[in-house]
Amino acid sequence: MTLVKVAPPLQQDVDLSQTYDAVIVGSGAAGGMAAHVLTAQGLRVLMLEAGKKLHIEQELRSMEWPYDHPRRGDAPPGSHGLSFNEYTIRKPPYAKGTAFKHVYSYVGGWSGSDYVKNILVDEKDHPYTGTNYAWVRARCLGGKTNIWGRLALRLSDYDFKAKSHDGYGEDWPISYADLAPYYDKVDLYLGIAGVKENLPHLPDSLFQRPTKLNYGEVKLRHSLATMGRVLTPYRAGVTTDGLKHNRYRSKCYGRGACNRRPGGCDIHAVFDSPTGLIYPAMDTGKLTIRPNSIAHEVLVDPNTGKARGVAFLDSETRKSYEAKAKVVILAASTLESARLLLLSRSPQHPNGLGNSSGHVGHNFCEHVMGPGVTGLVKELVGKPHTLDDGRPGGFYIPRFRNLTDRQPGFIRGYGFEGSSGHTMFPRHVFDTPGFGAQFKKTVRDHAGAFISMGGFGEVLPRYESQVDLDPEVKDGWGIPVLRFHYQFSDNERKMAEDMVATGREMFEAAGIEVVGVDREVLTEGWSIHELGTARMGTDPKASVLNQFQQSHDVRNLFVVDGSSHVSASCQNPTWTIMALAWRSCEYLADEFRKGTL
């Protein structure tokens, strides 16, 4: 079996004198999908990536044993990952005035921080201001798909038509039936593991072989069935059977390092944008990539009002360049795409490009998290050890609130992500009292008996939840930074309280001893699931994009990342982002051939 596939040569000659059919800003899940679809349709595409092209296998090193690393995976001295207390007590910019040479988001504070020090941005060069927010950013080819959590879920009409269900917010301009064929395309092209459950609020995918639940998880699944709830194996964006059409990815063989935080998969069984989408697009001969290219303005032709390209800085030389294209596609991430639209001011667009509605940067939403429970499956104490951390995930409990009932105190819902079993570093070592031989025996006896899960809840979109440009603070390249005006509301806080209550209830009903309860809500942004800021809609006065993620104001401008989402749902967004991008880029290619763009 070939474990590491050879990437195509990425040192390309970039001819900025020519006009490309399309220019894509960003190379993550949305940008990679746009490149895949458009090159397959024959368009000549230029991709601008703000970060470097990393040899990602050399960064992740997931086959490396902790004792083979000089610091057991920790980053070098002088590097610092922000903590929950820092996010809570201080105000951004969080790296201001610090004595550390490099400062990273909280992901850089996890164990294994050395494996992501070149993937995450340095907060010293990338400040932001305003209200407390834990913003996790990755500037490199593929972005956060290099280290994402792998949970790949579909939305349903409980999400797309949420306003019709409970009266709050706006319905999406599409339904599940519109997107289902594109979810199918994503499943088949990228691979997803899971089990069919036939739930109307969590549609099934076209699954490859699932990962197995272990004893504690099966025990909880059987108990939940008696409560009318479901525990399903983790629906992972992982190819477990292999993909014959992709020569850059290997199938998952459970090698045992998946749960090493911060994650990543250097055999690429887990989807990442470079091996899953970008390298195959390069094989068409239609895709050119320019890394180290920081976009700071979408350029507009004053005569036609159409986008004509993108202005960018080279991150290393700091020289200014322009990329010309017939169509501009923003896929820089929810917050960076909003920033770019707001930066693109002109006499025709004094409030930012595509912002005649005044909604760019508004209606920001994500997921609230933090509350969770830890339990002990007592019958597993002292039992032989099993291999459980070779799985790409444990289990998922879909939403069960506000489907057929009306829960007092809050609307919408939440799900739980969890896991159980043995890990390379035994669970709860630091919580175990004692020392010496008896301490070691206690740790070994209990190592595989713990089970834990945490909630992910929908944050309601609100017009006042917004980002704008700070009038004074600039990043390391002199570009104005984002300023946050965003906090959780009573709806999220009441939902978080319910997570704690139901988590305990479910464990106790299953005969699992509750040994720990997390009640604290983590800082806004902790979920890394930022959405909204340029939402879709049918009314140009109340939305930024149409159902194909096309600007109401500038017809050859598309925004295909999470900024188009009308609401957050409680499901992880990556699969939906890619399904939407596939649908929109097929529409784009059709319109391009017709000459309407």
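The values are calculated or read from the model by the stated rules, or taken from the named source; none is laboratory data. In this text the structure is predicted, and so the values were computed from the model without any measurement. Positions of Cβ are generated from backbone atoms using ideal geometry, with glycine treated the same way; all protein chains shown enter the neighbour counts. Note: accessible area is taken over every heavy atom of the protein model, side chains too, but ligands, DNA and RNA are not part of it. Shrake-Rupley method; radii C 1.70, N 1.55, O 1.52, S 1.80 Å.
Please figure out what share of the DSSP beta bridges in the stretch 1-144 is antiparallel and state it in percent, rounded to the nearest 5. Mind showing how you got there, number by number?
Values: 1 of 9 bridges.
Restricted to the stretch 1-144, the bridges split so that about 10 percent are antiparallel.
Work out the charge dipole of the chain with +1 on the Cβ of Lys and Arg and -1 on the Cβ of Asp and Glu about the Cα centre, then indicate which of Leu353, Val500, Leu153 is farthest towards its positive end.
The Cα lying farthest towards the positive end belongs to Leu153.
Taking Cα centroids, how far is the stretch 374-445 from the stretch 555-597 in Å?
Taking the Cα centre of the stretch 555-597 as reference, the centre of the stretch 374-445 is 37 Å away.
What is the percent carbon and sulfur in the accessible area of the chain, measuring with a 1.4 Å probe over the protein chains and ignoring ligands?
For the chain, the apolar C and S fraction of the accessible surface comes to 51 percent.
Specify the angular offset, from 0 to 90 degrees and rounded to the nearest 10, of the alpha carbon long axis of helix 436-446 from the longest principal axis of the alpha carbons in the chain.
70
Find how much the distance from Gln18 to His55 grows on full extension, using 0.36 nm per residue of separation minus their present alpha carbon separation; answer in nm with one decimal.
Full extension of this stretch gives 10.4 nm more.
When the C-alpha atoms of the stretch 59-214 are aligned to their principal axes, what extent does each axis show, in angstrom, from largest down?
Dimensions of the stretch 59-214 along the principal axes of its Cα atoms: 53, 40, 31 Å.
So if I place +1 on the C-beta of Lys and Arg and -1 on the C-beta of Asp and Glu, and nothing else carries charge, what would the dipole magnitude of the chain be about its Cα centre? I want it in debye, nearest 20.
On the way: 69 positive and 66 negative charges, 200 e Å.
Its charge dipole is roughly 960 debye.
Which whole-Hz ³J(HN,Hα) couplings does the stretch 224-232 yield from phi under the Karplus relation 6.51 cos²θ - 1.76 cosθ + 1.60, θ = phi - 60°, glycine and proline marked x?
Using θ = phi - 60°, the values come out as 5, 4, 6, 9, x, 10, 10, 10, 10 Hz.
Between Asp314 and His245, what is the spin-label point distance in nm, taking each point 7 Å from the Cα along the Cα→C-beta axis?
3.8
Could you give the angle, 0 to 90 degrees to the nearest 10, between helix 574-594's Cα long axis and the longest principal axis of the Cα atoms of the chain?
The angle comes out near 20 degrees.
Put one equal scatterer on each alpha carbon of the stretch 1-90, apply the Debye formula with no solvent term, and list log10 I(q)/I(0) at q = 0.14, 0.25, 0.26 1/Å to two decimals.
Summing over Cα pairs of the stretch 1-90 leads to -0.83, -1.34, -1.38.
Report the net charge of residues surrounding Arg339, where surrounding means a beta-carbon distance below 13 angstrom and charges are Lys +1, Arg +1, Asp -1, Glu -1. It would help to have the intermediate numbers written out before the result.
Numbers: positive: Arg137, Arg345, Lys474, Arg483; negative: Glu297, Glu336, Asp468, Asp470, Asp475, Glu530, Asp561.
Here the count lands on -3.
Full extension from Asn351 to Asp125: what is 0.36 nm times the residue separation minus their Cα-Cα distance, to one decimal in nm? Intermediate results must be reported in sequence, preceding the final value.
Values: separation 226, 0.36 × 226 = 81.36 nm, distance 2.59 nm.
78.8 nm is the gain from fully extending Asn351 to Asp125.
Quick check on packing: order 426-433, 281-288 by the mean number of other C-beta atoms within 10 Å, highest mean leading.
Numbers: 426-433: 12.9, 281-288: 18.6.
Taking the mean over residues of other Cβ atoms within 10 Å, the ranking is 281-288, 426-433.
Tell me, what HN-Hα J-couplings in whole Hz come from the Karplus equation 6.51 cos²θ - 1.76 cosθ + 1.60 at θ = phi - 60° for each residue of the stretch 516-521, using x for Gly and Pro?
x, 10, 9, 9, 6, 7
Can you give the convex hull volume of the alpha carbon atoms of the stretch 53-141 per residue, in Å³?
Details: hull volume 8.4 nm³, N = 89.
It comes to 94 Å³ per residue, whole-number rounded.
Which lysines, on any chain, are close to Lys306 with Cα under 24 Å apart, when same-chain ones fewer than 8 places away are left out?
Reachable lysines: Lys286, Lys324, Lys326, Lys541, Lys594.
So what are the three principal axis dimensions of the stretch 410-518 from its Cα atoms, in whole Å, longest to shortest?
60, 39, 19
Using the alpha-carbon atoms, what tilt in degrees (0 to 90, nearest 10) does helix 29-40 show relative to the longest principal axis of the chain?
50
Would you mind computing, in nm to one decimal, how far apart the modelled labels at Glu513 and Ala40 are, each placed 7 Å from Cα along Cα→Cβ?
5.3
Could you tell me the accessible area of Leu231 in Å² (1.4 Å probe, neighbours in place), rounded to the nearest ten?
For Leu231, solvent-accessible area is about 0 Å².
Please list, ordered by chain and number, the residues whose modelled amide H lies under 5 Å from the amide H of Gln547; skip anything fewer than 5 residues away on the same chain.
For Gln547, the qualifying residues are Gly537.
Near the amide H of Tyr128, under 5 Å away, which other amide H atoms are found, from residues 5 or more places off or on another chain, if H is placed in the peptide plane?
Answer set, sorted by chain and number: Tyr94.
Could you work out the helix-only [θ] at 222 nm for the chain, with each DSSP H run of four or more residues adding -39,500 (n - 2.57) and the total divided by the number of residues, to the nearest 500 deg cm²/dmol? Mind dumping the intermediate values first?
Working: 12 runs with 124 residues, N = 597.
Taking each H run of at least 4 residues, the total per residue is -6000 deg cm²/dmol.
At 1.4 Å probe size, with every protein chain present, just tell me what the per residue accessible area of the stretch 519-590 comes to in Å². Don't jump to the answer; show the numbers that get you there.
Working: 1790 Å² over 72 residues.
Ligands and nucleic acids excluded, the figure is 25 Å² per residue.
Grab the eigenvalues of the alpha-carbon gyration tensor for the stretch 307-379, scale each by 5, take roots, and send me the semi-axes largest first in whole angstrom.
Working: eigenvalues 310, 73, 22 Å².
Ellipsoid semi-axes (Å, largest first): 39, 19, 11.
Starting from the amide H of Met47, placed 1.01 Å from N in the peptide plane, find each other amide H under 5 Å away whose residue is 5 or more places distant or on another chain.
Here the answer is Ile24, Thr288, Ile289, Arg290, since their amide H atoms fall under 5 Å of that of Met47.
Residue by residue through the stretch 66-81, what is 3J(HN,Hα) from phi via Karplus (6.51 cos²θ - 1.76 cosθ + 1.60, θ = phi - 60°)? Round to whole Hz and write x for glycine and proline.
Karplus-based 3J(HN,Hα) across the stretch 66-81 equals x, 6, 8, 9, x, 10, 6, x, 6, 5, x, x, x, 9, 9, x Hz.
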